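The values are calculated or read from the model by the stated rules, or taken from the named source; none is laboratory data. On a predicted model such as this, the values are computed, not experimentally measured, just so you know. Ideal geometry is used to build each Cβ from the backbone, glycine not excepted, and the neighbour counts take in all protein chains shown. For the accessible areas, the whole protein counts, side chains as well, though only heavy atoms, and no ligand, DNA or RNA atoms are used. Shrake-Rupley method; radii C 1.70, N 1.55, O 1.52, S 1.80 Å.
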Amino acid sequence: MKNQEDQFKKVLSHAKEYGFIFQSSEIYDGLSAVYDYAQNGVELKKNIRDYWWNAMVQMHENIVGLDSAIFMHPTTWKASGHVDAFNDPLIDNKDSKKRYRADVLIEDYAEKLNIKAQKEIKKASKRFGEAFNEEEFITTNPRVVKYLSQKETVLKRMAKSLENEDLKDVKALIEELEIACPVSGSKNWTDVKQFNLMFGTKLGATAESAMDLYLRPETAQGIFVNFANVQKTGRMKIPFGIAQTGKAFRNEIVARQFIFRMREFEQMEMQFFVRPGEELKWYEHWKEKRLNWHLSLGLGKENYRFHDHDKLAHYANAATDIEFNFPFGFKELEGIHSRTDFDLKAHEEHSGKKLQYFDHEVNNSYVPYVIETSIGLDRMFLAVFSNSLQNEILEDGSERVVMKIPSVLAPTKAAILPLVKKDGLPEIAQSIIDDLKFDFNLSYDEKDAIGRRYRRQDAVGTPFCITVDHDTKEDNCVTIRFRDSMEQKRVAITDLKSIIAKEVSMSTWLHKL
Ligand code: GAP
């Protein structure tokens, strides 16, 4: 736990110190749970977005893009259920005056039971070595059985109470489990209340004529209301998908985990329209596809797991989260939902417009079913950033801080470094930049000893450093240094483009999918 906290602190300070993320309006003491992406952050974020977009849209002939507006007709949110049901259960601690999501307090309690069970399993696996039968141990070891069944019971009861809107029982559960406020340590809780997460605003010049609007809490509804437009104008045949990335806004009750839970954030969503009855087949298909996308980045298979929902949202008949091992433990990174025909049907009812598809193969019209994949761009940023930030002890005992960002996502692909600021070396470096800048985002640095410059590039995750020295003038070669291995090689300037492209180009990475 202490290690996790230390790692998270390092992530926060590194993100600021190296120009990845600043708090919004920092000179006015900031705005809670709202952040700005700085010079390196904006590049990393853009590269993640591009990698998602290309994997989803460019790589699939039957998926097209969309960029719908943030403002939408207010009836959209009535139809989608957000006005009535987009609530979180909140609870206040009377002593610390801190506000919590009641379900998160209970989920954290359940996760602690899970961690205890996993520790027992790890210990036993060490003790028994090769002979260890994990499946048998999990089902027979009394302590593990107890922890896991307690966890299940707690989560099931919470799911049932929330489904039945029984907020009294949610509070009773918190009291029975003796959950204390992490700040005050007290168990002096208020009742649990529902809190709608949408931000309201107004459209129009005068108070009388102004229309009440919401800032969209998800990008998905922009896709649903454009279903028929895209299907007809794109002559799309089922199964097909519509993808979009864009801002979403939620008035989160608890927003204390940096960019994990923000009030203004970005989503990357895809709605895949299928024939009714085939949705669960496609649900499995997209679960596998999306996990492969994550695994292709090489952040470690052990850092992902599926978490199937016990409590299904009002619109879903199956749902899972891809959870990632963040510095504060496994948490939701992406959701994959089988949303049935709920949204399109609701928009049909509220708008009076037909949102159906005529399927020539079955000679029938129907409202398509939908599989949704929905990932938070900022959360993905945090996953990449926290996983990449590493402290290495080198052979000579010195330490280096290196961001081992997957090279396709790295903000800067190469830094061009003249060994000294004179003798014509900066000019050669500049001519290399002028040649490579059409293909790659580069940086130039001539200040300080070369070792310090290498470390600066390591700290922002630049995969290649290219040093121009006096020999370059004779042999037209440079030294290329690889970030992860720190290996250095002498190569011809004319080979640089292909060496860098092989590592960082989007197509190399997309081929791994
Ligand atoms: N259209 C479905 C939908 O919005 P969701 O599970 O509420 O589903 C999808 O959100 C993803 O959006 C989450 O898995 C998470 O990555 C991201 N997300 C949700 N709320 C967020 C927040 N407050 N801050 C950052 N990312 C968030």
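Yes or no: Leu105 outside the structural domain of Val460 (by TED's automatic domain parsing), in contact (Cβ under 8 Å) with a residue 12 or more places away in the chain, over 24 Å from Leu377 (Cα atoms) and not charged (D, E, K, R)?
Criteria met by Leu105.
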Taking region 465-481 and keeping only residues that are free of Cβ contacts under 8 Å to residues at least 24 places away in the same chain and either open to solvent by 20 Å² or more (accessible area, probe 1.4 Å) or of a type in the set (S, T, N, Q) (or both), one is left with Asp471, Glu474, Asp475, Asn476, Cys477, Thr479
Residue hits (region 347-402; of a type in the set (A, V, I, L, M, F, W, C) and under 30 Å from Asp36 (Cα atoms)) are Ile375, Leu377, Met380, Phe381, Leu382, Ala383, Val384, Phe385, Leu389, Val401, Val402
Expected output for region 256-279 (first residue under 15 Å from Gly335 (Cα atoms), partner open to solvent by 10 Å² or more (accessible area, probe 1.4 Å) and in a loop (DSSP other than H, G, I, E, B), Cβ below 8 Å, 6+ apart or cross-chain) is Phe260/Phe328; Arg261/Glu252; Arg261/Val254; Arg261/Ala255; Gln267/Glu218; Glu269/Glu218; Phe272/Pro239
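For region 1-101, which fully contained helices (runs of 4 or more DSSP H) count at least 2 residues that are open to solvent by less than 30 Å² (accessible area, probe 1.4 Å)?
Fully inside region 1-101 and qualifying: 2-17, 39-53, 75-79.
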Here the residues within region 6-38 that are out of contact with any strand residue (DSSP E or B) (no Cβ under 9 Å at 6 or more places or on another chain) and free of Cβ contacts under 8 Å to residues at least 24 places away in the same chain are Asp6, Lys9, Ser13, Glu17, Ile27, Tyr28
Within region 203-220, the count of residues that are in a strand (DSSP E or B) and either over 30 Å from Arg256 (Cβ atoms) or open to solvent by 60 Å² or more (accessible area, probe 1.4 Å) (or both) comes to 4
Heads up, the helices (runs of 4 or more DSSP H) in region 457-513 (entirely inside) with at least 3 residues that are under 30 Å from Ile21 (Cα atoms) are 496-504, 506-510
Of those in region 428-464 that are free of Cβ contacts under 8 Å to residues at least 60 places away in the same chain and of a type in the set (Phe, Trp, Tyr), the residue most open to solvent (accessible area, probe 1.4 Å) is Phe438
**Asked** Do we have Glu178 as in a loop (DSSP other than H, G, I, E, B), away from the ligand (no atom under 16 Å from the Cβ), at pLDDT 95 or above and of a type in the set (Asp, Glu) here?
**Response** yes
Every listed condition ((1) open to solvent by 20 Å² or more (accessible area, probe 1.4 Å); (2) in contact with an Asp or Glu (Cβ under 6 Å, 6 or more places away or on another chain); (3) of a type in the set (A, V, I, L, M, F, W, C)) holds for Leu295 save (2)
A careful count of residues in region 242-278 that are away from the ligand (no atom under 14 Å from the Cβ) and of a type in the set (Gly, Ala, Ser) gives 1
Gly129: passes all of (1) at positive phi; (2) surrounded by 13 or more Cβ atoms within 10 Å (Cβ to Cβ) but (2)
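Quick check on my filter: what residues within region 183-202 are open to solvent by 80 Å² or more (accessible area, probe 1.4 Å) and in contact (Cβ under 8 Å) with a residue 12 or more places away in the chain?
Across region 183-202, the qualifying residues are Val183, Lys187, Asp191, Lys193.
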Exactly one of Tyr315, Tyr357, Tyr369 is farther than 28 Å from Thr508 by Cα, hydroxyl-bearing (Ser, Thr, Tyr), within 16 Å of the ligand (Cβ to nearest atom) and in the same structural domain as Tyr35 (by TED's automatic domain parsing), and that residue is Tyr369
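Does Ile238 qualify as being aliphatic (A, V, I, L, M), within 16 Å of the ligand (Cβ to nearest atom), in the same structural domain as Gln356 (by TED's automatic domain parsing) and farther than 21 Å from Ala319 by Cα?
Details: aliphatic (A, V, I, L, M): yes; within 16 Å of the ligand (Cβ to nearest atom): no; in the same structural domain as Gln356 (by TED's automatic domain parsing): yes; farther than 21 Å from Ala319 by Cα: yes.
Here the answer is no, as Ile238 does not meet what is asked.
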Across region 221-260, the tally of residues that are in a loop (DSSP other than H, G, I, E, B) and either crowded, with 21+ Cβ neighbours inside 10 Å or aliphatic (A, V, I, L, M) (or both) stands at 6
Residue set Leu382, Leu417, Leu333; condition closer than 30 Å to Lys45 by Cα, in the same structural domain as Met486 (by TED's automatic domain parsing) and either open to solvent by less than 10 Å² (accessible area, probe 1.4 Å) or at pLDDT 95 or above (or both); output residue Leu417
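Criterion first (among the charged types (D, E, K, R), at pLDDT 95 or above and over 15 Å from Trp286 (Cα atoms)) does Lys311 satisfy it?
Values: among the charged types (D, E, K, R): yes; at pLDDT 95 or above: no; over 15 Å from Trp286 (Cα atoms): yes.
Spelling it out, it is not the case that Lys311 is among the charged types (D, E, K, R), at pLDDT 95 or above and over 15 Å from Trp286 (Cα atoms).
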So is Trp293 within 14 Å of the chain's Cα centre (by Cα), assigned to a helix (DSSP H, G or I) and more than 10 Å from the ligand (Cβ to nearest atom) or not? yes
